[in-house]
Amino acid sequence: MKIAVLTSGGDSAGMNAAVRAVVRAGILRGCDTWVVREGYEGLVLGNIEGPRDSDSPPEVPIDLSGHAMDPVVKNLRFGDGELLRNGEGDAFVTDDKGRTLKGRHIVHVGWDDVKGWLSEGGTLIGTARSKSFRTPEGRLAGARSLIKEGIDALVVCGGDGSLTGADKLRSEWPSLVKTLLETNVITQAQASSYGHLRIVGLVGSIDNDMALTDMTIGAPTALHRICESIDNINTTASSHSRAFVIEVMGRHCGWLALQAGVSAGADFIFIPEKPAAAGAWEDEMCDTITTHRKVGKRKTIVIIAEGALDTALNPIKPDDVKEVLRDRLGLDTRVTTLGHTQRGGKPCAYDRILATLQGVEAVETLLSATPDDPSYMIGISENKLTRVPLVEAVEMTQAVAKAIESKDFAKAMALRDPEFAESYRNFVVTSSLNISNQVPLQKRLQIAIIHIGAPAGGMNAATRTAVRFCVDRGHVPLAIHNGFKGLLAGNITELSWLLVDNWMTRGGSELGTNRTLPSVDLGAVAARFQEHKFDALFLIGGFEAFSSLLILENARDLYPAFNIPMVHLPATISNNVPLTDFSLGSDTSLNALVEACDTIRQSASASRNRVFVVETQGGQCGYIATMGALASGAVLVYTPEVGIDLNVLSKDVKRLKTRFQLDLKGKSQGRIVLRNESASSVYTTEVITQILQEEGPPLFDARLASLGHTLQGGIPSPLDRARAVRLASKCMTFLEDHAHSLRSHPQRRAPRESAAMITIEGTSIFMTPVQDVVKHADMKNRRANHTWWEGYKGLAEQLGGLSFM
Ligand SMILES: Nc1ncnc2c1ncn2[C@@H]1O[C@H](COP(=O)(O)OP(=O)(O)OP(=O)(O)O)[C@@H](O)[C@H]1O
Ligand SMILES: O=P(O)(O)OC[C@H]1O[C@](O)(CO)[C@@H](O)[C@@H]1O
Ligand SMILES: [Mg+2]
């Protein structure tokens with residue numbers, strides 16, 4: 001099968017990763033792979049007729065013995081990848097030896113043509129907003145180009161518009177083929193061979209505006225760019241006690257503005273799905289901000305989506321908001337439009353992984369497609385890839401715009417993914433300071449918050465959420481400083497709304513954290529619970545927090561003080577807590593790893609012929625190493641779950657040698673091997689590096705880099721912050737509900753369900769009793785019995801290109 005991939009609409013970070021994945025997965029599955037330059041415009045323009053240099057066979061590598069049938073070897077490179085990467089495709093070439101892509105929009109690419117693309121921002125194959133493709137003539141020309149080049153299947157990576165175009169092409173295809181046949185543009189044989197177009201959509205857009213998927217490729221990276229900017233603005237805003245109105249992208253969708261509001265801790269937001277009340281938003285905004293200023297807040301951050309409206313559908317622009325803040329509140333106010341900085345830069349770890357997994361899935365979808373199947377869009381629901389009929393996704397997306405146009409805002413909100421409305425509610429609770437939601441005095445609780453284990457990004461954001469929730473409901477948030485040691489020392493204080501204001505952006509643990517378990521002195525721990533009148537306990541941490549909760553639940557018969565609701569929010573960079581797909585901090589950590597590996601790869605590539613063995617943390621859990629390999633393009637990954645033996649090592653050395661032999665002479669790229677710190681007690685990172693150093697020359701040499709505690713990351717990633725807000729809010733509701741039911745039905749022993757862990761499993765979030773979590777835990781190795789990412793070690797290595805050698 002000949003598969004072509006194009007990118008269309010506004011560019012988004014991760015599009016290159018998607019193209020790389022489609023190309024490499026296609027090759028691994030025995031397909032020929034092509035890219036279409038400049039989106040649909042490239043299809044319309046097609047390729048110039050006559051001789052061209054794109055189909056020249058792959059340059060023959062020096063040693064093919066034993067590997068001639070390897071699909072990677074057969075499709076090693078066609079020579080145009082460098083041109084695309086360097087932006088030289090359209091260069092004016094004077095001598096006849098030079099390559100050019102001028103006049104060629106549909107280009108054959110091989111394995112090495114997409115090397116290094118994983119980490120590149122934007123889209124190297126170009127994108128466009130093609131006017132001509134919107135016309136029937138344009139689509140006819142597009143169909144002609146595809147058939148002329150013999151393309152059987154098309155992957156379109158773009159936003160809602162691009163996928164609407166893809167759906168149109170799909171539905172019109174039979175009539176387009178008929179017209180081309182009738183006008184003798186194609187032969188009967190071509191019409192029969194290409195009677196059915198296999199097409200699949202990948203959603204690439206920073207807007208996250210496509211229905212039936214939780215996330216679009218590029219939206220998380222744009223959120224990174226926005227949060228970085230707002231984090232920077234925060235400090236200057238605070239210094240001058242100013243207000244900032246920050247405009248973010250999103251013509252018809254408020255996802256970026258909403259998530260930025262949640263993750264950056266803004267005071268007020270404007271989004272199209274929840275338009276501000278016409279004629280009343282000025283009062284509402286001023287009241288909210290005045291309340292914040294009255295308790296002593298020195299800065300004001302208002303985020304406004306590009307497409308913000310009021311309920312009468314009048315656009316609201318940053319200058320309108322600025323005027324109100326200046327004239328009515330007397331605030332020294334500045335407007336910052338983030339513009340295209342949001343679309344720029346390298347993809348974050350999540351986008352690299354999402355694009356890679358969805359690219360692979362797109363190829364599988366094309367291979368299994370029959371003429372009776374609908375065309376699919378590859379989506380994601382929480383942590384599960386989905387195949388959704390393209391036509392349904394397009395219709396539902398258009399329904400949002402229609403709902404807004406007809407002022408049915410509740411419907412618009414409901415048509416976005418389920419998390420959208422929840423995020424909005426969470427934004428309101430965590431940003432505002434209002435007492436109208438407070439519960440009656442007799443229902444108010446003293447809720448203790450404790451951090452346990454190693455620091456992880458998002459711990460402080462979760463704590464801030466808990467505190468803001470308490471303030472909103474009238475509960476008292478009590479911080480236990482320095483874990484159970486601190487509790488025993490009586491290190492407990494009340495937290496306030498203002499104190500936690502800047503905690504969204506803070507890494508580490510503001511409360512202080514350590515690995516001491518309550519078993520250090522259970523009786524004394526119970527006494528402290530009683531003394532400080534805890535009504536509920538919120539534990540934030542990793543495996544130790546899970547163990548602590550288990551210890552407390554097991555001791556409920558002995559110590560009545562533990563008969564309060566208790567909930568654990570997993571937070572650890574290792575992501576080794578059983579049952580949950582993601583712990584807080586794991587995304588921050590992957591981003592730290594990806595950044596470090598990009599830098600290391602740069603050094604390795606510059607030195608030519610170099611392998612870096614990079615050691616990751618993760619304890620007995622290979623999550624960071626495995627997902628880090630997918631996100632950084634490592635060629636090998638060693639995990640504690642699989643282990644290392646001599647056979648594996650010797651095979652890997654051979655594979656690396658073969659791969660280096662296949663590189664263009666003098667242009668060898670650097671390669672990365674990731675090794676989890678506990679993958680083997682004998683074959684340590686040092687030993688593996690020494691083996692490669694001994695065996696590699698003259699083909700390659702080897703160096704070691706240990707990432708250590710840098711993997712805890714600095715500033716938490718926006719995804720960890722947003723997850724912290726979402727999960728911590730649910731935890732607080734859980735504590736409140738169980739505390740109230742325990743108060744109304746006092747029992748000697750609290751029910752086991754009242755000591756739970758919040759878990760993300762596939763498409764759902766659960767409150768799982770800690771006693772049930774135990775069944776899924778390997779307590780000795782401090783990890784889960786089974787994980788969702790196990791198979792990705794093999795996938796990372798396949799996409800790295802060594803597995804078939
Ligand atoms: N209704 C349509 N019929 C045919 N082609 C379309 C249609 N809508 C969009 N397209 C094609 O898709 C291209 C990209 O669409 P659009 O500019 O809306 O961006 P997008 O894919 O939504 O991405 P983003 O919103 O992230 O920039 C258009 O320029 C056009 O070529
Ligand atoms: O880069 P352009 O073509 O000006 O488009 C800007 C638009 O593209 C997007 O970035 C993506 O759709 C929108 O958020 C924004 O309104
Ligand atoms: Mg769009």
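Some notes on this structure:
- Computed from the C-beta positions of Lys102 and Arg251 and an R0 of 25 Å, the FRET efficiency is 0.15 to the nearest 0.05.
- A dipole drawn for the chain from +1 and -1 charges on Cβ atoms has a positive end, and of Ala278, Leu537, Gly379 the residue lying farthest that way is Leu537.
- Loop-located trypsin sites (Lys or Arg not before Pro) in the stretch 758-805 (DSSP state other than H, G, I, E, B) with a sparse environment of at most 16 neighbouring Cβ atoms within 10 Å: Lys780.
- Links that overshoot a 31 Å alpha carbon limit, given the list Lys168/Lys322; Lys102/Lys131; Lys384/Lys667; Lys485/Lys793: Lys168/Lys322; Lys384/Lys667; Lys485/Lys793
- Furthest towards positive pole of dipole, Leu699, Ser668, Ser744, structure part the stretch 668-790, Cβ charges: Ser744
- Calculated FRET efficiency for the pair Lys665/Leu313, C-beta based, R₀ 56 Å, to 0.05: 0.35
- Rough spin-label spacing in nm, given labels placed 7 Å along Cα→Cβ, for Asp283 and Ile765: 3.4
- Counting only DSSP H runs of at least 4 residues, each contributing -39500 (n - 2.57), and dividing by the residue count of the chain, the helix-based mean residue ellipticity at 222 nm comes to -13000 deg cm²/dmol.
- Estimated FRET transfer efficiency (Arg444, Ser239; beta-carbon r; R0 35 Å; 0.05): 0.45
- The stretch 219-342: C-alpha gyration tensor shape, a/c 1.5 cut-off, then a/b vs b/c: oblate
- Couplings 3J(HN,Hα) of the stretch 486-502, computed from phi: x, 4, 5, 7, x, 8, 9, 9, 8, 9, 10, 3, 6, 4, 8, 3, 8 Hz, in residue order, whole Hz [Karplus 6.51 cos²θ - 1.76 cosθ + 1.60, θ = phi - 60°; x for Gly and Pro].
- Between Asn554 and Thr291, the contour length at 0.36 nm per residue exceeds the alpha carbon distance by 90.2 nm.
- Residues in the stretch 271-308 reached by a label modelled at Arg425 [backbone nitrogen below 20 Å; 7 Å Cα→Cβ]: 271-276
- C-alpha long axis of helix 522-531 to longest principal axis of the chain, angle in °: 70
- Size of electric dipole in the stretch 219-342: Cβ of Lys, Arg +1 and of Asp, Glu -1, about Cα centre, debye, nearest 20: 420
- Seen from Leu385, the other residues with C-beta closer than 12 Å to its C-beta sum to a net charge of -2, counting Lys and Arg as +1 and Asp and Glu as -1.
- With the simple model of a label 7 Å out from the Cα in the direction of the Cβ, Ser171 to Leu699 spans 5.4 nm.
- Accessible area expressed per residue, the chain, with surrounding protein chains retained (probe 1.4 Å, Å²): 37
- With all protein chains in place and a 1.4 Å probe, the accessible surface of the chain carries 51 percent carbon and sulfur.
- On Cα atoms only, tilt of 459-473 relative to the major axis of the chain in degrees: 50
- Nearest-ten-degree value, helix 281-294 long axis tilted from longest Cα axis of the chain: 60
- Straight Cα distances below 18 angstrom link Lys407 to the lysines Lys274, with same-chain residues fewer than 8 positions distant left out.
- Here each label is just a point 7 Å from Cα along the line to Cβ, and for Lys485 and Lys780 those points are 3.0 nm apart.
- Dipole check for the chain: with +1 at the C-beta of Lys and Arg, -1 at the C-beta of Asp and Glu, and the Cα centre as origin, the magnitude is about 960 Debye.
- Where only C-alpha atoms are counted, convex hull volume of the stretch 137-270 per residue in Å³: 117
- The stretch 563-656: chymotrypsin sites (Phe, Trp or Tyr not before Pro) in DSSP coil with no more than 14 other Cβ atoms inside 10 Å: none
- Judged by the gyration tensor of its Cα atoms, with axes a ≥ b ≥ c, the stretch 192-265 is prolate; a/c meets the 1.5 cut and a/b is the larger of a/b and b/c.
The values are calculated or read from the model by the stated rules, or taken from the named source; none is laboratory data. Bear in mind that the values here come from a model prediction, so they are computed numbers and not experimental data. Here the Cβ is made from the backbone with ideal geometry for all residues, glycine too, and neighbour counts use every protein chain on show. Heavy atoms of the whole protein, side chains included, go into the accessibility calculation; ligands, DNA and RNA do not. Shrake-Rupley method; radii C 1.70, N 1.55, O 1.52, S 1.80 Å.
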